[in-house]
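The values are calculated or read from the model by the stated rules, or taken from the named source; none is laboratory data. If you're wondering where the values come from, they're calculated on a predicted model, not measured in any experiment. Neighbour counts run over all protein chains shown; Cβ positions are idealised from the backbone, glycine included.
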Amino acid sequence: MQWKANITIVGPGRVGNALGPALKRAGYQISEVISRETAGSQRAARALARATGADAVTARVAELTAKVIWFLVPDREISAAARELAPRVSWKGKIAFHSSGALGSEELDVLRQLGASVASVHPFMTFVSQSAPSLEDVPFGIEGDSTAVRVARGIVGHLSGAPFTLTPEQKALYHAWGGFTSPMVVSLLVTAEKVAESIGFSTKDARKLAAPIVQQTVANYARLGAAEAFSGPIVRGDAVVVGKHLEALKGNPEALAVYVALARAAVRNLPARNRKELEKVLDGS
C-alpha cells in the first residue's frame with residue numbers, strides 16, 4: 001500500500017470541496033468525484049473534478065479503481081451510498097473512509113464484510129458554503145480498523161493535520177464537543193444579536209460591532225486558556241450587575257434562559273468571586 005495511493009471522493013459537498021484540493025496539494029491523485037444523479041450534484045462534482053484533476057461521474061458509471069474510497073456525503077446517506085457501490089467492484093484490499101463526526105465506522109460495514117478496511121476520519125473543523133478552510137493543523141478524529149486507521153493517519157499527516165484516535169463509544173460525545181465549539185457558538189452569537197436588536201442595532205451593525213470582542217475572546221482562549229480569558233461581572237463577583245442583566249433580559253425569555261444557563265456554568269467552572277451571592281441571584285431568575 002503506497003501512502004499516496006489514488007483516492008476517490010464520494011460526494012462533492014462542503015467537506016469534499018475543502019478536502020479534495022488539499023489532498024491534491026499534498027500529492028494525492030483524485031481519480032473520481034462521484035455525485036448523485038441530480039443536476040445540482042453533478043454540477044458540483046464537475047467543479048470539484050476540475051479543481052482536483054479527477055473525473056466527475058455518478059455511482060452508476062463509477063469505476064472505483066482507486067485504493068482509497070472516501071465517503072463525504074451527509075451522515076444519513078453514508079450507509080446507503082456504501083450499499084449502492086458495494087456490488088460494483090471487489091473491495092478486498094481497498095480502504096474506505098467516511099467523515100461523519102457522530103457516526104462510527106460501522107456505517108461502512110457492508111464494505112468491511114466484502115474485504116475492505118474501513119474507518120471514520122473526521123476533520124474537527126467547520127465547513128460552510130463560500131468558505132474552504134485550510135486543513136493545516138486541523139485535528140482529525142479517527143476510528144476504525146487498524147489498517148484503515150494507519151492509512152488515515154498517514155494521509156492526515158501529509159495534509160499537515162493532527163490525527164488522534166477515538167473509540168466507537170466516544171463518537172457521540174466527541175461530536176457534541178464539536179457542536180459546542182462551533183455551531184453552538186454561532187447560536188450564542190445570534191442570541192446576542194437579538195439582544196442588540198432590542199436596543200436598536202441592526203443585525204449587520206450588531207455583528208460588525210461585536211466582531212472585535214469576539215475575535216479577541218477567541219484569541220485569548222486559544223493563547224491563555226478558559227480561566228485567564230474569562231472576564232466580566234461574574235469573575236468580579238458583581239451580583240448586582242448580574243441581577244440588572246437578568247432584569248433587562250426579561251423581555252427576551254429565550255436570551256434570559258441562555259444567559260442563566262451560561263452564567264451557572266461559569267460560576268461552577270470558571271474563576272468567580274462571591275459565588276453564593278451569584279448563585280442566589282441566578283436562582284431568583
Quiz item: Only one residue in LEU108, LEU135 is surrounded by 18 or more Cβ atoms within 10 Å (Cβ to Cβ) and closer than 18 Å to ALA86 by Cβ, so which one is that?
Solution: LEU108
Exercise. Report, by residue number, each residue of the range 59-76 that is in a helix (DSSP H, G or I) and either buried (at least 21 other Cβ atoms within 10 Å of the Cβ) or free of Cβ contacts under 8 Å to residues at least 24 places away in the same chain (or both).
Key: ARG76
Quiz prompt | Given (1) more than 22 Å from ALA272 (Cβ to Cβ); (2) touching a helix residue (DSSP H, G or I) at 6+ places or on another chain (Cβ under 7 Å); (3) touching a residue at least 12 places away in the same chain (Cβ under 8 Å), index of the condition VAL156 fails | solution = (2)
Quiz item: When you scan the range 25-46, how many residues do you find that are part of a helix (DSSP H, G or I) and in contact (Cβ under 8 Å) with a residue 40 or more places away in the chain?
Solution: 0
Quiz item: Under 9 Å by Cβ, and 6 or more places apart or on different chains, what pairs join a residue from the range 87-116 that is not assigned by TED's automatic domain parsing to the domain that holds THR165 with one that is at pLDDT 95 or above and not acidic (Asp, Glu)?
Solution: none
Exercise. Would you point out which residue out of ALA22, ALA49, ALA56, ALA82 is in the same structural domain as SER120 (by TED's automatic domain parsing), outside any helix (DSSP H, G or I) and in contact with an Asp or Glu (Cβ under 9 Å, 6 or more places away or on another chain)?
Key: ALA56
Exercise. Look through SER35, SER31, SER41 and report the one residue that is surrounded by 20 or more Cβ atoms within 10 Å (Cβ to Cβ) and either within 23 Å of the chain's Cα centre (by Cα) or over 24 Å from VAL149 (Cβ atoms) (or both).
Key: SER35
